[in-house]
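A short write-up of the structure that comes next.
The values are calculated or read from the model by the stated rules, or taken from the named source; none is laboratory data. Everything numeric in this text was worked out from a predicted model, so none of it was measured. Positions of Cβ are backbone-derived with ideal geometry, glycine not excepted, and every protein chain shown enters the neighbour counts.
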Amino acid sequence: MTTDIDEARDWQGQTIECRGCAHEALQADGGCKLMRACVADRYARRIDRFFNWNPKQALHYIEHPYFEVRAIAAKYVDVFHAVRMLDDVDATVRWSAAARLPQRYLLRLRTDPDREVRIRVALRISPDELLPMMNDIDYYVRQVVARRIAPTTLALMINDPDAEVRRVVASRIEAKWLATLVVDQDERVRMQVVDRLSTEQLPWLRHDPAWAVRYAVADRIADRYLPEMLTDEDPLVRERVRERMDGGGQTANGGPVRMAVEPSHED
């Protein structure tokens with residue numbers, strides 16, 4: 001049975017005929033080959049191989065109706081024409097052009113309408129150029145920004161509407177801002193804060209509404225606060241407190257054994 005990959009079809013599904021093709025002369029000289037290196041084929045690998053064999057031909061295809069042809073041609077054209085392709089209607093083409101240009105051209109794509117383009121831009125440009133992307137409409141773009149900008153700037157993202165973004169913020173922000181995140185509405189963010197607070201700061205969260213947060217607090221809080229936590233409503237938290245008060249649950253180097261507790265929204 002014949003599969004699509006074994007067929008020579010163009011981007012509209014029509015069978016490709018070498019006779020009458022604009023590159024018929026190239027074929028005679030070994031410059032292209034049906035089902036191997038063909039710009040008319042709908043398969044990207046065959047298109048790419050055609051331009052690899054004939055890079056000068058790419059310039060003639062920057063306005064081809066099939067986006068895959070344009071995107072691959074963008075890899076082979078000169079810089080001047082690659083810049084022009086940053087305005088292509090297709091996101092794949094825009095990114096293909098941007099990927100081979102100096103970083104200053106990527107700044108034009110910080111507000112690209114396609115999220116995948118903006119994500120790739122956020123991953124590549126200098127952290128100093130990411131500030132305009134802190135308010136991107138896409139949560140994942142903002143996550144990337146939060147991972148890469150300077151910790152001194154993260155205070156501007158402390159109220160991000162997405163919990164996963166705030167969790168990244170909590171993991172990297174300057175310590176002086178952690179007190180603000182102690183009251184974050186999402187326990188995953190507060191769990192991140194627990195890992196960064198000192199033993200003397202942990203009492204801020206000893207009455208947290210989430211048992212998993214309180215357990216993490218009991219694991220590291222200064223000894224003098226442990227008796228108060230013996231009355232915690234959760235049995236696992238109370239058990240951990242008793243272990244510490246009895247001198248148990250120690251690692252080989254004297255530190256506490258942390259129980260793997262996944263945050264839960266059910267208390």
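When the residues of the range 22-47 are filtered to those that are of a type in the set (Gly, Ala, Ser) and either surrounded by fewer than 18 Cβ atoms within 10 Å (Cβ to Cβ) or over 15 Å from Ala8 (Cα atoms) (or both), which remaining residue is nearest to the chain's Cα centre (by Cα)? Looking at residues that are of a type in the set (Gly, Ala, Ser) and either surrounded by fewer than 18 Cβ atoms within 10 Å (Cβ to Cβ) or over 15 Å from Ala8 (Cα atoms) (or both), I get Ala44.
Screening the candidates Arg110, Arg104 for the property of being within 22 Å of Val141 (Cβ to Cβ), out of contact with any strand residue (DSSP E or B) (no Cβ under 6 Å at 6 or more places or on another chain) and at pLDDT below 95 yields one hit, Arg104. Checking the stated criteria, Ala97 turns out not to satisfy the condition of being at pLDDT 95 or above and assigned to a helix (DSSP H, G or I). Scanning the range 229-239 for residues that are part of a helix (DSSP H, G or I) and either farther than 16 Å from Leu205 by Cα or free of Cβ contacts under 8 Å to residues at least 24 places away in the same chain (or both) returns Met229, Pro235, Leu236, Arg238, Glu239. When the range 13-48 is limited to residues that are among the β-branched types (Val, Ile, Thr) and assigned to a loop (DSSP other than H, G, I, E, B), the one that is modelled with the highest pLDDT turns out to be Val39. Screening Arg188, Arg118 for residues that are within 23 Å of Phe67 (Cα to Cα), modelled with pLDDT of 95 or more, surrounded by 14 or more Cβ atoms within 10 Å (Cβ to Cβ) and not β-branched (Val, Ile, Thr) leaves exactly one candidate, Arg118.
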